[in-house]
Every structure is written in C-alpha cells, then in structure tokens.
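Each remark here refers to the structure printed beneath this line.
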Amino acid sequence: MEIPWRAGNREEKTLRIVILGAGGLGSVVGGYLANVGVEVTLIGRPAHVAAIRRGGLQITGLRGEFLIRENLTAVSSADEAIGNFDYLALAVKGKDTYTALEQAASLRARTSTVLSLQNGVGHDDDLLRWAGADKVLGASTIEGGTLLEPGKVANGMTTPTTAYFGEIDGRPSARAKDLTDAFNRAGLPSKCVNNIVQVQWEKLTQIATASGFSAVTLCGLDTLTMGDGLAVREGAEHFVQLSKELIAVYKAMGYTPQNFYAPVSRLKELDRMSFEEAIANVMELSRHLKGNANRARTSMHNDVLQHRKTEVDFIFGPVIAKAREVGVQIPTVMAVYRILKTLDAYFN
Ligand SMILES: NC(=O)c1ccc[n+]([C@@H]2O[C@H](COP(=O)([O-])OP(=O)(O)OC[C@H]3O[C@@H](n4cnc5c(N)ncnc54)[C@H](OP(=O)(O)O)[C@@H]3O)[C@@H](O)[C@H]2O)c1
C-alpha cells in the first residue's frame, strides 16, 4: 500500500547517489537521475566509464534521446568515488554481488542508505551483511535498460509505476520518500510503500514466469521473442502452467496478486482465470508483443542467447526454497530450473 506523506519542514538538498554496476539498468536510472540534478556517480567497467567521460552518457528508447553530461561522474572502482553518498544502489547481476560489494568496502562508511535494484529477493540480506540492517532500504523496479555499447544504453521497458521503495519493516521514512521523489522528478514514476517485501516477491513471481519461459522455450532460435512463443498453443500452455505454479507459491505465503507492474504484470488475471481461459488470454497477448523485441525479450533470455551465466540461482532459488517451506508442488518450475542450471554449467 502506498504511504501518504505529510511534509515537514525538511530542507531540499541535492541528493548524492552512487550506482554500483553501471550496465543497462544502472546507467539508465543513473542517467535520468543526473538529468534532473541528482549528483550521480556510476561505477562501471573501464570501457563504459571512458566513453562516458569522453562523450557523456547516451540514452535512447521509449523516453526519447538523451545525452547526459551534467551531474554525472563515471569511475571504474569504488575507491575513485569521491565523498559521501545518501544512497548506494546495487545494480550488478546477482552473480557479481559478492565481488562488487567486497570491492566497494571503502564506500561502506561513506554511504547512508543502501538498496538493491536487482531482480530476486535475497539481495537485501547481502546488503544487510555488508552495511548493517539500519542502512538497508527495500526497492524494486521493472525499468528496462540494455547496454548497447560503451557510453550508450537503451531504455526499452517501463510501466505506469516503474519503481517502488519502502522500509523492510513497513514504517514510513524520509529516506524512502526522498528517493521516491527523486525518481518521480527524473520521469521514473515511483511509489513509496509499506509492503516492499510483497512487491519484491510479486516481481519475482512475474519475472520468474517471463524469464523462465523465454530463456528455456525460445533459446533454440535467436530470432524468437516472447510473442512468438506465446503464439504457439503449447508455448502458451507452458507459460500458463509455469505462472500458475509460481502464483501458488506466492499465494501460499499469504499474498494476493496486485499487478504492481500493470499492465505488463497480469498475475491477477492469470490467477483468476481457468487454465483454458488463461491460454486464450496469453495467446491474445502474443499479438501485442510480436514485433517488439525490446519489450518481448527478458534479460535471462538474452543471457542464454549470448551464452552468459544467468541469474537462475537468484530468481528460481528463493522460489524453490519457499515452495518447499510452504508445501507447494512446482514440477514445471523445477524443470525450467534444471534446464537453466544445465545450460549455466557451460556458460561464462
Ligand atoms: N536491465 C533491466 O532491464 C533490468 C530491469 C530490472 C531489474 N534488473 C536487474 O538489475 C540487475 C542488473 O541488470 P542489468 O541488465 O543492468 O545487468 P548488466 O547490463 O550486466 O549491468 C551490470 C553491469 O555491472 C558491471 N559489473 C559487474 N561487476 C562489477 C564490479 N565489481 N564493478 C563494476 N562494475 C561491475 C557489469 O560488467 P560485466 O558485464 O563486464 O560483468 C555490467 O556492465 C540484475 O539483477 C537484473 O535482473 C534489470
């Protein structure tokens, strides 16, 4: 639920944010924040950093064309990041979290609040161990970013609410509100909520369905997108079965689907509909998705196509553990997980 906020007499100050992992998502979010006056430091790989220093950060995509130079500092290690930060946003892939945080030790004492923009639900625990419970703010986003080449990112996905922030224990806080306001000013519509853990689990349910389906079902041909897969009856059946198992786990935790990322999220409808109705529904959806490769390909699907290690452990690991805990059978989810783990064993 969104937290109503009564303004006090707090002074407006310039926020300073460091983004650890300036790839697709981190660069898009960091770029838009810098564009509205937030002081952003991106920590990324040397080629991306050099290109930004040379010519600024280019963002293309659904919000138009941007070239960001002001308020943006790019560095290739945490030790080069200067000063103190209000927020550190973690945006590396799950497999790189441990190393990135270890390399960012010099930022621990210089950062007031830490949050993860990653997919999955275990990252707040990693941050808690790294920075202490008081510093961790819950976050979730669906905003889409892809690193096209050094210095250039594409922003290919958003929804009417594209990010959520909130304290893990649900209490209102100025730091959650300030970050939400900054995202909204940056054109990234966001909400400050008292149920961020539910948002994270529902996002996981949604992303596990889309990622698991696309990465496993469509990986045989590099031209296929989500729409192509859902246009085939058996593909639609597989998607619906996967989503129903994942929703069953989410509901067994005591949650009810909310469609936080509507209209992309359709968990409410998929839950309500019979198996046959849901198949007809996703086959209809396939017509809208076809022909739009950006919206229709998940990053896990892209990872498989590029033979890069996926986030399988971070996306499916928590769901499988939770399903065991709450006693829900998830045979289709397990099959997807096993296939991805097999592929992952041969990816870099
Ligand atoms: N992209 C999206 O649309 C989107 C949307 C919502 C959530 N997410 C989540 O956000 C996270 C990031 O996704 P992404 O697609 O932005 O990944 P990405 O494009 O691979 O970006 C991560 C970047 O961090 C770099 N990196 C890794 N370790 C580093 C370190 N120690 N120091 C500095 N840079 C480091 C990576 O470099 P190398 O590639 O060289 O390792 C890469 O450039 C994932 O958990 C993803 O699930 C993504």
One residue is enough: does the stretch 322-332 have a residue meeting the conditions open to solvent by less than 50 Å² (accessible area, probe 1.4 Å) and not in a helix (DSSP H, G or I)?
yes
For the subset of the stretch 100-134 comprising residues that are closer than 13 Å to residue 90 by Cα, part of a helix (DSSP H, G or I) and away from the ligand (no atom under 15 Å from the Cβ), which member is most open to solvent (accessible area, probe 1.4 Å)?
128
Regarding residue 164, is this residue open to solvent by less than 40 Å² (accessible area, probe 1.4 Å), in the same structural domain as residue 22 (by TED's automatic domain parsing) and either among the aromatic types (Phe, Trp, Tyr) or in a helix (DSSP H, G or I) (or both)?
yes
Within the stretch 28-40, can one find any residue that is open to solvent by 80 Å² or more (accessible area, probe 1.4 Å) and among the charged types (D, E, K, R)?
no
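Run down 63, 69 and say which single residue is free of Cβ contacts under 8 Å to residues at least 40 places away in the same chain and charged (D, E, K, R).
The match here is 69.
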Residue check, residue 17 assigned to a loop (DSSP other than H, G, I, E, B), away from the ligand (no atom under 15 Å from the Cβ) and either crowded, with 23+ Cβ neighbours inside 10 Å or over 18 Å from the mean Cα position of the chain (by Cα) (or both):
no
Within the stretch 76-89, identify whether any single residue is open to solvent by 30 Å² or more (accessible area, probe 1.4 Å), closer than 24 Å to residue 164 by Cα, within 13 Å of the ligand (Cβ to nearest atom) and under 22 Å from the mean Cα position of the chain (by Cα), and answer yes or no.
no
Residues in the stretch 57-74: is at least one within 21 Å of residue 113 (Cβ to Cβ), within 12 Å of the ligand (Cβ to nearest atom) and touching a helix residue (DSSP H, G or I) at 6+ places or on another chain (Cβ under 6 Å)?
no
Which residues, taken from the stretch 218-245, are surrounded by fewer than 19 Cβ atoms within 10 Å (Cβ to Cβ), assigned to a loop (DSSP other than H, G, I, E, B) and either polar (S, T, N, Q) or free of Cβ contacts under 8 Å to residues at least 40 places away in the same chain (or both)?
220, 221, 223, 232
Among residues of the stretch 186-204, those that are open to solvent by 10 Å² or more (accessible area, probe 1.4 Å) and of a type in the set (Val, Ile, Thr), counted:
1
For the stretch 260-296, how many residues are at pLDDT 95 or above, in a loop (DSSP other than H, G, I, E, B) and crowded, with 16+ Cβ neighbours inside 10 Å?
3
Which condition breaks for residue 150 when tested against (1) of a type outside the set (S, T, N, Q); (2) within 15 Å of the chain's Cα centre (by Cα); (3) within 13 Å of the ligand (Cβ to nearest atom)?
(2)
Within the set of pairs 6 or more residues apart or between chains, which connect a residue that is among the hydroxyl-bearing types (Ser, Thr, Tyr) inside the stretch 31-51 to a residue that is open to solvent by 10 Å² or more (accessible area, probe 1.4 Å) and assigned to a loop (DSSP other than H, G, I, E, B) with Cβ atoms less than 8 Å apart?
32/63; 32/186; 32/187; 41/82
Which condition number in (1) surrounded by fewer than 20 Cβ atoms within 10 Å (Cβ to Cβ); (2) under 23 Å from residue 123 (Cα atoms) is the one that residue 311 fails?
(1)
Which numbered condition trips up residue 95, out of (1) modelled with pLDDT under 95; (2) crowded, with 19+ Cβ neighbours inside 10 Å?
(2)
Criterion violated by residue 182 - all others in (1) of a type outside the set (Asp, Glu); (2) away from the ligand (no atom under 12 Å from the Cβ); (3) in a loop (DSSP other than H, G, I, E, B) satisfied:
(3)
I'm checking my understanding of the structure. Among residues of the stretch 66-75 that are among the hydrophobic types (A, V, I, L, M, F, W, C) and open to solvent by 10 Å² or more (accessible area, probe 1.4 Å), which one is nearest to residue 22 (Cα to Cα)?
72
Residue 86 part of a helix (DSSP H, G or I), acidic (Asp, Glu) and more than 20 Å from residue 156 (Cβ to Cβ)
no
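The values are calculated or read from the model by the stated rules, or taken from the named source; none is laboratory data. Because the structure is a prediction, the values reported are computed rather than measured. Note that each Cβ is placed from the backbone with ideal geometry, even for glycine, and that neighbours are counted across all protein chains shown. Remember, those area values only see protein heavy atoms, side chains included, never the ligands or the DNA or RNA. Shrake-Rupley method; radii C 1.70, N 1.55, O 1.52, S 1.80 Å.
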